[in-house]
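Here the structure comes first, spelled out in structure tokens, and everything after it is commentary.
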Amino acid sequence: MARIRTVKPSFFRHEVLQDLEAANPGKYPMLVFEALWGHCDKAGRFEWKPRTLKLDILPFLPFDMADTLAILVRAKMIEHYSVDGKEYGFVPTFIEHQRISCKEAQDGEKYPEPSGSNGDLFVEHHGTIGEA
């Protein structure tokens, strides 16, 4: 289930995301990146299910979510990994930009870590979506 997340006004001035948007018309990388936050657990991890994410994020626009996720991976905005045969995504900068509180702060993490003894990380990155 998606959660309510906050977006800082400076998000819309993020130069890397703006460049991705301009370079990939009709793929919506900026909007998809922001919308992924609602699908993340408190650690910034989400299930890598492009078809389901497409239905939850932009169901009426004709584009390929898997292509958009690949664009975000190549730009090092998200990571793609697997644990025990299941695929997950990770937003490395998630906790820098979201305040987790109330019940969610008390809940355990929903998805496994992106690296470690169980996980095979497809892409490693620990960047920032710092303010432009």
- Note on the structure: The correct count of residues that are acidic (Asp, Glu) and under 15 Å from Phe94 (Cβ atoms) in the range 41-65 is 2
- Exactly one condition in (1) of a type outside the set (Gly, Ala, Ser); (2) modelled with pLDDT under 95; (3) farther than 15 Å from His80 by Cα is not met by His39; state its number. (3)
- Can you tell me how many residues in the range 1-21 are open to solvent by less than 80 Å² (accessible area, probe 1.4 Å), within 22 Å of Leu61 (Cα to Cα) and part of a helix (DSSP H, G or I)? 4
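The values are calculated or read from the model by the stated rules, or taken from the named source; none is laboratory data. No experiment lies behind these values; they were computed from the predicted model shown. No Cβ is skipped: glycine too gets one built from the backbone with ideal geometry, and neighbour counts run over all protein chains shown. We work out accessible area using only protein heavy atoms, side chains counted, and drop any ligands, DNA or RNA first. Shrake-Rupley method; radii C 1.70, N 1.55, O 1.52, S 1.80 Å.
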